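Contents: one structure, followed by commentary.
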């Protein structure tokens, strides 16, 4: 078959969701992927590997049990790089197998090779073996994701100076590690290796990091990772990186030097659009290779071509990419669908986890919304004591005028799971009263919602309808 209703370039979360949706609509759909296995960056070098690595680190190191058995406790005394990669490969194989099964079940065709536009409705696909196939389609979806940013002044060598893709193939666990870039990827890898008792230094040229997260929440996170032994070097850019054979030497603008066995460069990613031949269809990208789209339909400037996932930029989450791909496929195939919810959760799988939904305190202030804050510490919950949690926090922002929930930020164990309660209440336009009126399972970490809710509720004016009316005399 050489003509399709929809051709999808890239099989990451956005491409995957779009293909399955098109298959369920009984349309002729093809997924083209430049790699030798399906799944894209998310499955092979991004979301799934990093989260699998995190779980492996926490299990093998005995991290979650140290509050009971001491900081020196380890579930496995000698942890090797092979130990970390064993579960990783098992998980990746399962993900690819599940994806292939989903495509087969929904009659999605696949073709492995590099796609290039040759005309408005045509592409050619070249396999690694050099075979070329020409194809046409009514509609296209570009979901090629991103590639690592590799500046010329960093002497990458694939072993001691690596990017985030190469990092997963390390031959041995370093005794010391420099991570350059305090974005989501850098923070995740830096904190999880600190949990392995590796000496970690995180370098960020800006004075602050994770600026899209509530600053109070970042401060709480910063306190915890410093307690975990991680060093932060903020506010000074790198001037030189030297490969000194048995170590890596980094010079900073402020005159300081940092030395370690390995350096991970994780300062940004670029849209994987080079080589797609976008000029043949009249599409342009920004300076980071990203494609601009209508955020409701994911339609590009060329009406029959759509784009979704990390290739369109923020928020660059696997979860939002899945939604974007589904919506894009429905719009491209002219099928009605439900719109995306306005509030979605943001999860950072660091140690400890961070997850947020709704507005930060900075956003609330910027909009001049009168508000109250409720705070709950995980150590205040019985489940927190049972689990041995000394840290962990849930912060709730509530409107004083409408009593509606404005946002929730969580730092600590299970944050990325707990946040979905906030997501539901936000999207249903719920109020702080929900948390006060309702019973939560006991003992659970979710009980922190009630504690934070009461904390805010008790400082807010009592609505007239809540006040007990006195008896009339006579």
| request: Return a yes/no flag: does region 312-324 have any residue that is closer than 21 Å to residue 26 by Cα and in contact with a helix residue (DSSP H, G or I) (Cβ under 7 Å, 6 or more places away or on another chain). | output: yes
| query | Does region 414-428 contain any residue that is within 21 Å of residue 391 (Cβ to Cβ), at pLDDT 95 or above, assigned by TED's automatic domain parsing to the domain that holds residue 394 and in a loop (DSSP other than H, G, I, E, B)? | reply | yes
| query | Looking at region 128-159, which of its residues are buried (at least 21 other Cβ atoms within 10 Å of the Cβ) and more than 28 Å from residue 17 (Cα to Cα)? | reply | none
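Among the listed residues 88, 111, 84, which satisfies the condition of being closer than 29 Å to residue 274 by Cβ and at pLDDT below 95? Quick ask: steps written out before the conclusion?
Numbers: 111 fails: at pLDDT below 95; 84 fails: closer than 29 Å to residue 274 by Cβ.
Of the residues listed, the single one that is closer than 29 Å to residue 274 by Cβ and at pLDDT below 95 is 88.
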| task | Of the conditions (1) surrounded by 14 or more Cβ atoms within 10 Å (Cβ to Cβ); (2) touching a residue at least 60 places away in the same chain (Cβ under 8 Å), residue 87 clears all except one; give me its number. | result | (2)
| note | Flagged in region 326-368 as over 30 Å from residue 189 (Cβ atoms) and in contact with a strand residue (DSSP E or B) (Cβ under 6 Å, 6 or more places away or on another chain), in numbering order, are 328, 332, 364
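Do the conditions hold for residue 35, that is, is it more than 24 Å from residue 193 (Cβ to Cβ) and not assigned by TED's automatic domain parsing to the domain that holds residue 172?
Numbers: more than 24 Å from residue 193 (Cβ to Cβ): yes; not assigned by TED's automatic domain parsing to the domain that holds residue 172: yes.
Yes: the conditions hold for residue 35.
Find the residue count for region 33-61, including only residues that are in a loop (DSSP other than H, G, I, E, B) and surrounded by fewer than 18 Cβ atoms within 10 Å (Cβ to Cβ). Quick ask: steps written out before the conclusion?
We begin by selecting, within region 33-61, every residue in a loop (DSSP other than H, G, I, E, B); these are 34-39, 45-46.
If we keep only those that are surrounded by fewer than 18 Cβ atoms within 10 Å (Cβ to Cβ) as well, we get 35-37.
Final tally of qualifying residues: 3.
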| note | When residue 289 is run through (1) at pLDDT below 95; (2) on the phi > 0 side of the Ramachandran plot; (3) within 29 Å of the chain's Cα centre (by Cα), the failure sits at (1)
| Within region 161-214, can you find the residues that are in contact with a helix residue (DSSP H, G or I) (Cβ under 6 Å, 6 or more places away or on another chain) and farther than 22 Å from residue 79 by Cα? | 185, 202, 210, 214
| query | Given the conditions (1) surrounded by fewer than 20 Cβ atoms within 10 Å (Cβ to Cβ); (2) modelled with pLDDT of 90 or more; (3) assigned to a helix (DSSP H, G or I), and given that residue 68 satisfies all but one, which numbered condition is not satisfied? | reply | (2)
| Right, residue 98: in the same structural domain as residue 13 (by TED's automatic domain parsing), part of a strand (DSSP E or B) and either within 30 Å of residue 25 (Cβ to Cβ) or touching a strand residue (DSSP E or B) at 6+ places or on another chain (Cβ under 9 Å) (or both) or not? | no
| said: Just checking: which of the helices (runs of 4 or more DSSP H) contained wholly in region 145-261 hold 3 or more residues that are touching a strand residue (DSSP E or B) at 6+ places or on another chain (Cβ under 6 Å) and either in the same structural domain as residue 311 (by TED's automatic domain parsing) or at pLDDT 95 or above (or both)? | reply: 184-194, 215-227
| query | (1) surrounded by fewer than 17 Cβ atoms within 10 Å (Cβ to Cβ); (2) more than 26 Å from the chain's Cα centre (by Cα): which one isn't true of residue 79, the others all being true? | reply | (1)
| remark: Restricting region 272-289 to residues that are touching a residue at least 24 places away in the same chain (Cβ under 8 Å) and not in a loop (DSSP other than H, G, I, E, B), the one nearest to residue 33 (Cα to Cα) turns out to be 278
| query | Pick from 452, 446, 456: which is within 13 Å of residue 403 (Cα to Cα), at pLDDT 95 or above and touching a helix residue (DSSP H, G or I) at 6+ places or on another chain (Cβ under 8 Å)? | reply | 456
| message | Being modelled with pLDDT of 95 or more, more than 24 Å from residue 55 (Cα to Cα), in contact with a helix residue (DSSP H, G or I) (Cβ under 8 Å, 6 or more places away or on another chain) and crowded, with 22+ Cβ neighbours inside 10 Å narrows it down to one residue among 373, 432, 411; which is it? | response | 432
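To keep it simple, each residue is scored yes or no on (1) assigned to a strand (DSSP E or B); (2) over 21 Å from the mean Cα position of the chain (by Cα); (3) buried (at least 16 other Cβ atoms within 10 Å of the Cβ); (4) in contact (Cβ under 8 Å) with a residue 24 or more places away in the chain.
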{"site": "270", "(1), (2), (3), (4)": "yes, no, yes, yes"}
{"site": "294", "(1), (2), (3), (4)": "no, yes, no, no"}
{"site": "311", "(1), (2), (3), (4)": "no, no, yes, yes"}
{"site": "323", "(1), (2), (3), (4)": "no, no, yes, yes"}
{"site": "328", "(1), (2), (3), (4)": "no, no, yes, yes"}
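The values are calculated or read from the model by the stated rules, or taken from the named source; none is laboratory data. What you see is a predicted model, and the numbers here were worked out from it, not measured in a lab. Don't worry about glycine lacking a Cβ; one is built from the backbone with ideal geometry, like all the others, and counts go over all protein chains shown.
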